1. Just to verify a result, which residue in segment A:392-430, among those that are of a type in the set (Ser, Thr, Tyr) and part of a helix (DSSP H, G or I), is modelled with the lowest pLDDT?
2. Within 14 Å of chain B (Cβ to nearest Cβ) and buried (at least 19 other Cβ atoms within 10 Å of the Cβ): does that describe residue A:297?
3. For the condition buried (at least 20 other Cβ atoms within 10 Å of the Cβ) and more than 30 Å from residue A:431 (Cβ to Cβ), what is the one hit in A:317, A:370, A:359, A:323?
4. So which residues in segment A:53-80 are part of a loop (DSSP other than H, G, I, E, B) and without any contact (Cβ under 8 Å) to a residue 40 or more places away in the chain, if there are any at all?
5. Take residue A:523 and tell me if it is over 24 Å from residue A:414 (Cα atoms), among the acidic types (Asp, Glu) and assigned to a strand (DSSP E or B).
6. Scan segment A:326-346 and give yes if some residue there is more than 14 Å from chain B (Cβ to nearest Cβ), modelled with pLDDT under 95 and in a helix (DSSP H, G or I), otherwise no.
7. For segment A:559-569, state whether one or more residues are under 27 Å from residue A:395 (Cα atoms), surrounded by 19 or more Cβ atoms within 10 Å (Cβ to Cβ) and not basic (Lys, Arg).
8. Within segment B:4-23, can one find any residue that is over 20 Å from residue A:263 (Cβ atoms), in contact with a strand residue (DSSP E or B) (Cβ under 8 Å, 6 or more places away or on another chain) and of a type outside the set (A, V, I, L, M, F, W, C)?
Amino acid sequence: MVQQLYLPKLELGGTPEEQELAAQVWNLMRMQGFSYAMERPISQSLENLTTYLSEQKYKGLTQAEEIMPLLEKALSASPAVFYREEADDGTVFFKTNKKGKAGSPAGPLDQHSFKNRLKQDVQAVETPTAEELAAALEASALQAVDRPALPSVVQVKPAVALPLPTAQVTTPTPVKPVPAPAAVVAPRPATPVVTEAVSVTPAVASAPVPPATPAPAAIPVASTPTPTAAVSAPTPAATPVAPSEVVAPAPVVPRLITLPDGTVVDLSLPTNAIMQQHGPAVAAVLLKALGEDFRFVNFANDWYIDDMTGRYGKGDFRRIREFMSEVQEPVSDTAILRDVYNKRTTDNDYEATRFALNFRLFREKKDFEFVGANDDRIWTAPGVTPIGQPRRKASEIGTDYKFLEDPTQVDATELVVDGNKKRWEHVLTFYEYENGVLPYDATAKAFFPGPLFDDQKSLVLRFEATQMYVSYTAELRYPGGTRGGWIMGLESFFSNNLVPGALLIIQPGDKSNHFTIEYKQAEEQEARLLFYDDRRQKFVFRPIVFECSINKELTLSSERFGRLEGQRRLEENERKKTDLIVANAFEYAGQKQPDGGYLALLDDLYPLVNIERPFSRAYLQHLLTAGNNQFRPDESTPDAFFYKPAGRR
Amino acid sequence: MSQEPKPIKAGPEQLEKLIEFMRRNGRPQTLEALTRRYIEILKEAK
């Protein structure tokens, strides 16, 4: 914002009160004309000024009739500052300018001061006539013949394109490069001076080149000086460089330091190059020093000075907790600053305040929990409504997903990389559909951001369902202790749009914890699919119409798994036994064998075992091959397995 | 002609200059920004 830094001394008259009022009005009019030139009159009617002052309750007065005479008297008492003018209709105007002088009553319209600020004795540049130009060319050529050999490299820049008469100038012949005599260049054997070939550009770009006069190519620098008599075109832009100006760069002396691992770093290299090659190692040295110096404080990767970091008291923390309770979900630091502290992102101290907030909240471990990412710092507190309402308890889900922490039980990645974009394509299982969860498996670990702090337990995720224009807040529970990780809070998205077996596509959004979630759309179709009837406490097949694309191998339809109709859920103690779940799956999907056992394919078992508990294919395969000896693979058929219940021959 | 390599050190003088740098900027800095400034401080040192 432009400010008038040097205010003029106003020559005010009248009583002190009148002078004060006049000064106030002048200041007001100065601001009105802040973009005006210094001497341009700023005009304002007495009526407008009166209205303004009455609205401002000048000295407690609100009636225009009371203020107007005072104002007119005050301004009229300072004729050096205010020029009074009365229009034909009787309206009284006062004029002044930013210099504090009374505006001219009828000054010329040309009030700007450019011409005073520019050099007035400059002559206008005029295009030379053809005759003038020809004479100039001839003189220049003669001068060039007489000119002594130029000792250094000359770069001829294109001259101004002028309308040259073609009769005199037959060709835009490039200037012959002037050789640089070796003797003139300061001899520096240790640091050779790089002498580049002369780059010559035709003086007149627009002039045609007759075929009979081919333009000679640039001649490389010769070792002996040659007079420039052959120059046939003018060289107005050629500027000879004196030998003394050719200075070889001073040799750069390396300044070396060694990193803790013994790597030697040359400090004479550019900072960017050092950062690129040794940035992490130098940062590690600095990080150690910063961590040991109590004057520095940090929140994640941001560092600041302790004595410049704002303090928060109990009252502040209470207000923040109340705000979270009001919103009923975790809130970002920017939301707290905006809604609790009325801070604007344009405030000069915004980033410092934001740092202080995060730093102070992080130290209040009992009252606040960080659940954000580096680029979206989100906080929650005890008592804030948890995200998601899965059918099972969070602790049970965590235990169910424990197998994900065993690298041998994890399936092949579902990450699809398309150029520099990646997406997660996942087929929804019954367990995931029913609980509104997704596994934090190897794919998810590569896709979602990891914890920012070692003790961070969860991360709030924002999913934008682009097909419905609805956003969902979900929570990623990081693995810890005896629990695996998972994402929860998507139950309404699943139940409103999908069926088990649907293909889900998740893509990164504009922040590291923001994503878009969508499903592969398909023609409207109807199928009898498995659901759990809570009222009857049984599994039932219900006809349902849906428009999402499904993987039929993973869909629990009545045609494939009709035996599930009317079945009850496993008891909680049975559900914990993975072998029992797999055995049940054989009974629902397998072919009865003469020995009383069952034969089933992995593809049939996989959707069934995923009703009560989450299983990866690798985990299921592991149980079938290396687990209970009731299961064994069929050597003749790939991915086929036998199950022989215990006690049967 | 090069000098003998010296071991890298973030001593009190360099840390003081980093504090000055942050005071002047009036905002927190990332470790990368501080590292860059630290390298420049090392380069400026006689």
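The values are calculated or read from the model by the stated rules, or taken from the named source; none is laboratory data. Treat the numbers as computed from the prediction; the structure is a model and nothing was measured. All Cβ positions, even for glycine, are placed from backbone atoms using ideal geometry, and neighbour counts span all protein chains on display.
1. Going through segment A:392-430, the residues of a type in the set (Ser, Thr, Tyr) turn out to be A:395, A:399, A:401, A:408, A:413, A:429.
Add one more test, that the residue is part of a helix (DSSP H, G or I), and what stays is A:395, A:399, A:401, A:408.
On the way: A:395: 90, A:399: 93, A:401: 94, A:408: 82.
Within segment A:392-430, the match that is modelled with the lowest pLDDT is A:408.
2. On the way: within 14 Å of chain B (Cβ to nearest Cβ): yes; buried (at least 19 other Cβ atoms within 10 Å of the Cβ): yes.
Taking the combined requirement at face value, the residue satisfies it.
3. Details: A:317 fails: buried (at least 20 other Cβ atoms within 10 Å of the Cβ); A:370 fails: more than 30 Å from residue A:431 (Cβ to Cβ); A:323 fails: buried (at least 20 other Cβ atoms within 10 Å of the Cβ).
Only one candidate qualifies: A:359.
4. Quick first cut of segment A:53-80, residues part of a loop (DSSP other than H, G, I, E, B) only: A:56-57, A:61-63, A:77-80.
Residues satisfying the conditions are A:56, A:57, A:61, A:62, A:63.
5. Numbers: over 24 Å from residue A:414 (Cα atoms): yes; among the acidic types (Asp, Glu): yes; assigned to a strand (DSSP E or B): yes.
The answer is yes for residue A:523.
6. Yes, there is a match, as at least one residue in segment A:326-346 is more than 14 Å from chain B (Cβ to nearest Cβ), modelled with pLDDT under 95 and in a helix (DSSP H, G or I).
7. Residues of segment A:559-569 that are under 27 Å from residue A:395 (Cα atoms), as a first pass: A:567-569.
Those still in the list that are surrounded by 19 or more Cβ atoms within 10 Å (Cβ to Cβ) too: none.
Within segment A:559-569 (the criterion being under 27 Å from residue A:395 (Cα atoms), surrounded by 19 or more Cβ atoms within 10 Å (Cβ to Cβ) and not basic (Lys, Arg)), the answer is no, since none of the residues qualifies.
8. The answer is yes; a qualifying residue exists.
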